[in-house]
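Take a look at the structure below.
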Protein chains: 2
Amino acid sequence: MKQRIKHQTAAMLVIGNEVLSGRTREANAWLAAQKLFNKGCKLAEIAVVPDQADAIVNSLNRLRKQFDAVITSGGIGPTHDDITMDAVARAFATTLIEHRIIVQAMTEHFGEDGMNDGRRRMTRVPQGAKLIRCEKTIAPGACIDNVYVLAGVPDIFASQLESILLDFGDEQRPYIRHEIDVSLPESLFAKALADIQQCYNDVEIGSYPHRCGPDSYGKICLSSQEADRLSAAMHDVEAMLQAINS
Amino acid sequence: MKQRIKHQTAAMLVIGNEVLSGRTREANAWLAAQKLFNKGCKLAEIAVVPDQADAIVNSLNRLRKQFDAVITSGGIGPTHDDITMDAVARAFATTLIEHRIIVQAMTEHFGEDGMNDGRRRMTRVPQGAKLIRCEKTIAPGACIDNVYVLAGVPDIFASQLESILLDFGDEQRPYIRHEIDVSLPESLFAKALADIQQCYNDVEIGSYPHRCGPDSYGKICLSSQEADRLSAAMHDVEAMLQAINS
């Protein structure tokens, strides 16, 4: 059986004025970040842009060339501010079509009389797109080339995301994370931690203070796809902190 | 007295692997979005990039040319993954200097013996930068040209943000938001709502379903810097919904 080539890097493009105006706290990129990490796919950038065609097209064209795949969230409903499908089609220099399968599914569900302009609008996907279906909604998302167009409503996004995750990462090599509590100012271990990082180019080491100053505390966070190397780096960091504390 | 020219558009550049790996839910752009909205400044894009020099430099150079100002968050501590000041200097093709005032303040606070490599690292800002001080920390942020470099630790970010907000928006023209609860499927009012939007180019109208389908509910959200126009648009939307419901 042919092995599918999976995406090793991804970007998330969040489309929505409601996030930029501070009305809504972003939730979909936050979920995708966790899921992709657990799948062993590197989320390399998150961009949040307004419901404006130029902004969407420019960001999408930049991100889809730069990374293996792009997941978009938002703007696929029936109202005037839902312009993501139009923008994706423009980014790929293609047209929107009313997809036969969506028209059929929606007509069955809502009846001929229920197929108003708004619902008709939601049957449109870029020419050649594959549908991303989920149990939460009749109107599907769409995949064209390396771009996955998902809904903005969080429970629909989550459900659609589950159905595309098979295309991402590497089942055998998820990222793993370990954290160490630290009650020292960062500046006291910064040099030694940098030296450890130098020895582990396959382990990402970060330091995250909750509070700065003399009564500081925080966490050192290590993550990697290599379990053995992660353990070895953990051991080195713990030994280093012990040496400073003693 | 000379009137300061304030930034009418802004972008937020969040720097941190911890957000992209799903470890940390982004909080600083979320705060800035709310504050800028209330100040009457349009937040036009949020980008989240990793602790990598090229990613930071490229995004910063793109955003600072595209918008009136950029606020960055994260990567200004003493550890090896804190590379924002270096990247900002590179973006402006300038060098980092140990700032006399920061050296003095930190030396007073920590003593000569306390000025280790990590703290020394935190005295560096791009040549020509102005300091962004706040009561939460001795190590300041920095402003160079239209770029404001703030901390990633949320309570420090919040405090530094307060101290720069005077440079943004228009006190006399904050954005105002009103919301209307709706218990109709979006597709039933999409066309009529689009027609209202057409009449108000100075009011942003969005529709945000919590749930889709026949038992749907959600909110129509209107925002504007023009209080009178906002009221008029609200009135039109309410009348439209009433007509559909009756």
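Counting Cβ atoms of other protein chains within 10 Å of each Cβ in A:194-204 and taking the mean gives 2. Across peptide B:181-187, the average count of Cβ atoms from other chains found within 10 Å of a residue's Cβ is 4. In segment B:39-70, burial by the other protein chains removes 50 Å² or more of accessible area from B:I46, compared with the chain on its own (1.4 Å probe, ligands and nucleic acids ignored). Between helix B:100-110 and chain B there is an angle of about 80 degrees, using the helix long axis and the longest principal axis of the Cα atoms.
Dividing the helix sum by the residues of the protein assembly as shown, where each DSSP H run of 4 or more adds -39500 (n - 2.57), gives a mean residue ellipticity at 222 nm of -12000 deg cm²/dmol. Counts of other chain beta carbons within 10 angstrom of each beta carbon in peptide A:112-119 average 4. Here's the list of aspartates and glutamates a cross-link from B:K130 could span, going by alpha-carbon distance under 17 Å and ignoring same-chain residues fewer than 8 apart: B:D86, B:E98, B:D145, B:E162, B:D167.
Applying 1/(1 + (r/R0)^6) with R0 = 30 Å to the Cβ-Cβ distance of A:D170 and A:Q242 gives a FRET efficiency near 0.30. Rounded to the nearest 10 degrees, the inclination of helix B:227-245 to the longest alpha-carbon principal axis of chain B is 40 degrees.
When the surface is traced with a 1.4 Å probe over the full set of protein chains, A:M122 keeps roughly 40 Å² accessible. For chain A, the share of accessible area belonging to carbon and sulfur comes to 49 percent (1.4 Å probe, ligands and nucleic acids excluded). Placing unit charges on the Cβ atoms only, positive for Lys and Arg and negative for Asp and Glu, gives the protein assembly as shown a dipole magnitude near 800 debye about its Cα centre.
Treating only the Cβ of Lys, Arg, Asp and Glu as charged (+1, +1, -1, -1), what charge dipole size does segment A:97-246 show about its Cα centre? Round to the nearest 20 debye.
Dipole about the Cα centre, nearest 20: 520 debye.
Near A:H7, the amide H atoms lying under 5 Å from its own belong to A:F168, A:G169; only residues 5 or more places off or on other chains count, and H is placed 1.01 Å from N. May I ask you to give the solvent-accessible area per residue for segment B:9-167, in square angstrom, as obtained with a 1.4 angstrom probe? Accessible area per residue: 37 Å². A Förster distance of 22 Å, applied to the separation of the beta-carbon atoms of B:A227 and B:Q34, puts the FRET efficiency at 0.70.
Hey, what angle do you get for helix B:154-164 against the long axis of chain B, alpha-carbon based, 0 to 90 degrees rounded to 10? That works out to roughly 80 degrees. Surface burial for A against B, with a 1.4 Å probe and both sides summed, reaches about 4800 Å² of accessible area. In chain A, the beta-carbon sitting nearest the axis that superposes A on B belongs to the residue given here with its distance in angstrom, A:A47, 3.
The residue among A:I46, A:V19, A:A87 whose Cα reaches farthest toward the positive pole of the charge dipole of segment A:1-88, with charges on the beta-carbon of Lys, Arg, Asp and Glu, is A:I46. Placing +1 on the Cβ of every Lys and Arg and -1 on the Cβ of every Asp and Glu, with no other charges, gives segment B:176-245 a dipole of roughly 180 debye about its Cα centre. With the simple spin-label model, which puts each label point 7 Å out from Cα in the Cβ direction, the B:E162 to A:R25 separation comes to 2.0 nm.
Between A:Y217 and A:E112, the FRET efficiency estimated from the beta carbon spacing at R0 = 45 angstrom works out to 0.10. Across segment B:7-142, C-alpha contacts under 8 Å between residues 6 or more apart give a mean separation that, scaled by the residue count, equals a relative contact order of 23 percent. The tail of the calculated P(r) for chain A beyond 30 Å holds 40 percent of all Cα-Cα pairs.
The values are calculated or read from the model by the stated rules, or taken from the named source; none is laboratory data. These numbers come from a predicted model, not from an experiment. No Cβ is skipped: glycine too gets one built from the backbone with ideal geometry, and neighbour counts run over all protein chains shown. The area values use the complete protein model at the heavy-atom level, side chains included, leaving out ligands, DNA and RNA. Shrake-Rupley method; radii C 1.70, N 1.55, O 1.52, S 1.80 Å.
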